[in-house]
1. I'd like to verify a number: residues in region 59-82 that are surrounded by fewer than 18 Cβ atoms within 10 Å (Cβ to Cβ) and either assigned to a helix (DSSP H, G or I) or away from the ligand (no atom under 14 Å from the Cβ) (or both), how many?
2. Hey, any hits in region 205-226 for a residue that's at pLDDT 95 or above, in contact with a helix residue (DSSP H, G or I) (Cβ under 6 Å, 6 or more places away or on another chain) and more than 17 Å from Ala25 (Cβ to Cβ)?
3. Mind checking which pairs have a first residue in region 218-241 that is in contact (Cβ under 8 Å) with a residue 40 or more places away in the chain and a second that is acidic (Asp, Glu) and surrounded by 14 or more Cβ atoms within 10 Å (Cβ to Cβ), Cβ under 8 Å, 6 or more apart or different chains?
4. Within region 182-197, count every residue that is near the ligand (Cβ under 6 Å from one of its atoms), out of contact with any Leu (no Cβ under 8 Å at 6 or more places or on another chain) and either of a type in the set (Val, Ile, Thr) or over 16 Å from Ala150 (Cα atoms) (or both).
5. Consider only pairs whose beta carbons are under 8 Å apart and that are at least six residues apart or on different chains; among these, list those whose first residue lies in region 174-203 and is in contact (Cβ under 8 Å) with a residue 12 or more places away in the chain and β-branched (Val, Ile, Thr) and whose second residue is near the ligand (Cβ under 9 Å from one of its atoms) and in a loop (DSSP other than H, G, I, E, B).
Amino acid sequence: MNTLPFRGKNVLITGASRGIGLAMARAYGAAGATVLMMGRDVDALARGADSIQRAGGRAWHHVLDVTDDASVARAVDAARAAQGHIDLLINNAGVYFQQPFLEQDPARGRLELEVNYFGALRMVRAVLPEMLQRGEGTLVNVSSVLGHVAYPTNANYSASKAALNAFTHALRGEVEARGVRVLLFMPGHTRTENGLSVKLTRVPLQEPEEVAREAVQATLRARPVHVSGAGNRTFVWLSGLFPNWARNYMREVARVSFATPVLPPGRS
Ligand SMILES: NC(=O)c1ccc[n+]([C@@H]2O[C@H](COP(=O)([O-])OP(=O)(O)OC[C@H]3O[C@@H](n4cnc5c(N)ncnc54)[C@H](OP(=O)(O)O)[C@@H]3O)[C@@H](O)[C@H]2O)c1
């Protein structure tokens, strides 16, 4: 068995300063990759990269704001200049604000789309042309189970991830025959700063390390879609068979979880 399947590969991870992104950086680093860690918090990135290097891995970091075209161009250029071509891009950076739609500041809702959806598109525009030229590479878009079954009190977040899902499937159809693989990776509720800020009573939490291990495995197996966690996979599968049940389930979770009254199942 190859214990370092990503040896010699450059893996760029956005939002690698904490949470799932940092856990992914550690997991790909342990699998032999050189991890190119990006995000806005440079001190946290430096600490993360240092911990990977002390564990014997290879890590490099650069500041990045995925909402800013110039920042994306600078970061990707710097990564190529320092480490060479990018083999795998993981669009993981994300923000999440839980609030009923009418109570949410529209600027926050817009930011969810800017980071979670348009941020990923900016990164793909910067990285994909070189992958197509080389005829190889992998893009991983980190979506969410909530992009598959929308969650009341998270309308904009769910919309941002549903948009990312559709984009990912469409892009795969354009580039797969030219050697570039495209993976849609959907975590469920995960124990991170972001994840713990969400009220999701009754929904089990996965550890970020577990999610990161699944990401490594999913990219090795060349899957088009991977839902993290057996419980989440069952829920997504059942939601395909029984979409109304799944929507009502989410409505009930939101009603129990959130202080603001949400309509009970069956009433709209
Ligand atoms: N946790 C969950 O329950 C859960 C469930 C499903 C899906 N997800 C998805 O998994 C991904 C990671 O979530 P997480 O829970 O690990 O969140 P987190 O702990 O809050 O980390 C979010 C990361 O995104 C980065 N980020 C935010 N805005 C950015 C920007 N404008 N430019 C560049 N980086 C930015 C942050 O870095 P800086 O602050 O340093 O910029 C941070 O590293 C997200 O896409 C999220 O939607 C999470």
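1. Number of matching residues: 10.
2. Yes, region 205-226 contains at least one residue that is at pLDDT 95 or above, in contact with a helix residue (DSSP H, G or I) (Cβ under 6 Å, 6 or more places away or on another chain) and more than 17 Å from Ala25 (Cβ to Cβ).
3. Short answer, once both residue conditions are applied: His226/Glu214; Ser228/Glu210; Ser228/Glu214; Gly229/Glu210; Gly229/Glu214.
4. 3
5. Filtered contacts from region 174-203: Thr190/Leu205; Thr190/Ser228; Thr192/Arg18; Val198/Tyr96; Val198/His189; Val203/Gly188; Val203/His189.
Residues are listed down the side, and each one gets a yes or a no for (1) of a type in the set (Val, Ile, Thr); (2) touching a strand residue (DSSP E or B) at 6+ places or on another chain (Cβ under 7 Å); (3) surrounded by fewer than 18 Cβ atoms within 10 Å (Cβ to Cβ):
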site	(1), (2), (3)
Ser158	no, no, no
Ala162	no, no, no
Thr168	yes, yes, no
Arg172	no, yes, no
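The values are calculated or read from the model by the stated rules, or taken from the named source; none is laboratory data. None of the values given here were measured: they were computed from a predicted structure. Counting neighbours? That spans all protein chains shown, and the Cβs are built from the backbone with ideal geometry, glycine included.
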